[in-house]
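Asks: Starting off with a structure, shown below.
The values are calculated or read from the model by the stated rules, or taken from the named source; none is laboratory data. Note that the structure is a prediction, hence the values are computed from the model and not measured. Note: ideal-geometry Cβ built from the backbone for every residue, glycine included; neighbour counts use all protein chains shown.
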Ligand SMILES: Nc1ncnc2c1ncn2[C@@H]1O[C@H](COP(=O)(O)OP(=O)(O)O)[C@@H](O)[C@H]1O
Ligand SMILES: [Mg+2]
């Protein structure tokens, strides 16, 4: 005789009232995983040499780091980049070192390519400690020598360790330029208030928009702008006419502050916190932060305290560029 119950036996069993049927297990809500935190990427590209991109990137990064954000300042000019020199620092890497990391980049390796800004002995509370720099030793043809996969993998790795990445993008277009611009949350062309530069800005904005199918078109920042301009200077209305669009920010001309800041290897905001230049960059930063309401306070970390809050504040975005 077999121990296996017959069909009848099973029916009998099901009809028994006192049968100890286990409670159905209620499906628990799937655990919400915290999305990985990604840095806000801000990119500036000058429409001509000398329009003030490096100065603007340095001061923007300083403004952000003052708010207790962890900021990485990235010089993407591998041929003539001078960002490290603006901060009186040696370059943070050689191109060959970055290229060797192709295919094996991880956060630890990426961290060896950056250097903290600041002098030894500064307290961990000082904004200097919140600011790091990536700036390669320039080489002839450096922008063609750099490995695009290594560069993009580096930026990807760094994105997890910083609140902001501020990029100084060189004018000459390379195979990787589109990818880095595409990865940016905020992107602006920087021009100055001279008619030829404004024409360049307009053409470049149109070309980039068409190539990358951007909507909206890139923002344009007008640097070295003199509001009360005399003797042949351009008014804002004139500048907008040439550009055929409005500029999203105007940064005032302030040669004295910039000259001294560069020659002392400090951001303008350190050299002269109340200068006209510092105030105009502050206004621009406030404006861009306004796009991320949680960041618009004076101190980013006071606003966003727990890792969960930070993760919510910095929602993962669909980067415009495919990262390979
Ligand atoms: N808002 C400004 N007012 C006056 N001079 C400026 C301003 N911005 C930049 N400069 C000056 O213009 C020159 C080029 O600046 P830089 O930031 O190196 O430009 P880029 O990186 O576009 O070549 C520097 O001498 C700098 O001091
Ligand atoms: Mg520059």
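Asks: With region 1-113 as the region, which helices (runs of 4 or more DSSP H) entirely inside it contain at least 2 residues that are surrounded by 11 or more Cβ atoms within 10 Å (Cβ to Cβ) and modelled with pLDDT of 95 or more?
Replies: The helices (runs of 4 or more DSSP H) meeting that bar are 53-66, 83-86, 95-100, 107-111.
Asks: Let me ask something else. Within region 47-55, is there a residue that is within 14 Å of ligand 1 (Cβ to nearest atom), closer than 21 Å to residue 151 by Cβ and touching a residue at least 40 places away in the same chain (Cβ under 8 Å)?
Replies: yes
Asks: Would you mention how many residues in region 275-287 are surrounded by fewer than 18 Cβ atoms within 10 Å (Cβ to Cβ) and under 10 Å from residue 257 (Cα atoms)?
Replies: 1
Asks: Check 268, 260 and return the single one that is under 14 Å from residue 58 (Cβ atoms), surrounded by fewer than 19 Cβ atoms within 10 Å (Cβ to Cβ) and at pLDDT 95 or above.
Replies: Testing whether each residue is under 14 Å from residue 58 (Cβ atoms), surrounded by fewer than 19 Cβ atoms within 10 Å (Cβ to Cβ) and at pLDDT 95 or above leaves just 260.
Asks: While we're looking at this one, here's another question. Has region 115-128 got at least one residue that is at pLDDT below 95, touching a strand residue (DSSP E or B) at 6+ places or on another chain (Cβ under 8 Å), at positive phi and surrounded by fewer than 21 Cβ atoms within 10 Å (Cβ to Cβ)?
Replies: Among the residues of region 115-128, at least one is at pLDDT below 95, touching a strand residue (DSSP E or B) at 6+ places or on another chain (Cβ under 8 Å), at positive phi and surrounded by fewer than 21 Cβ atoms within 10 Å (Cβ to Cβ), which makes the answer yes.
Asks: I need the full set of residues from region 173-204 which are in contact with a helix residue (DSSP H, G or I) (Cβ under 8 Å, 6 or more places away or on another chain) and either free of Cβ contacts under 8 Å to residues at least 24 places away in the same chain or in a helix (DSSP H, G or I) (or both), in order please.
Replies: 178, 179, 180, 181, 182, 195, 198, 199, 201, 202 - these are the residues of region 173-204 that are in contact with a helix residue (DSSP H, G or I) (Cβ under 8 Å, 6 or more places away or on another chain) and either free of Cβ contacts under 8 Å to residues at least 24 places away in the same chain or in a helix (DSSP H, G or I) (or both).
Asks: On to the next question. Looking only at region 241-261, filter to residues that are assigned to a helix (DSSP H, G or I) and within 16 Å of ligand 2 (Cβ to nearest atom); which one of those is nearest to residue 53 (Cα to Cα)?
Replies: 258
Conditions tested, residue by residue: (1) in contact with a strand residue (DSSP E or B) (Cβ under 9 Å, 6 or more places away or on another chain); (2) modelled with pLDDT of 95 or more.
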site	(1), (2)
216	no, no
223	yes, yes
226	yes, no
283	yes, yes
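Asks: What is the one condition in (1) within 23 Å of residue 169 (Cβ to Cβ); (2) crowded, with 19+ Cβ neighbours inside 10 Å that residue 234 does not satisfy?
Replies: Result: residue 234 passes all but (1).
Asks: Would you pick out the residues in region 204-229 that are closer than 18 Å to residue 53 by Cα and surrounded by fewer than 18 Cβ atoms within 10 Å (Cβ to Cβ)?
Replies: Passing the criteria: only 226.
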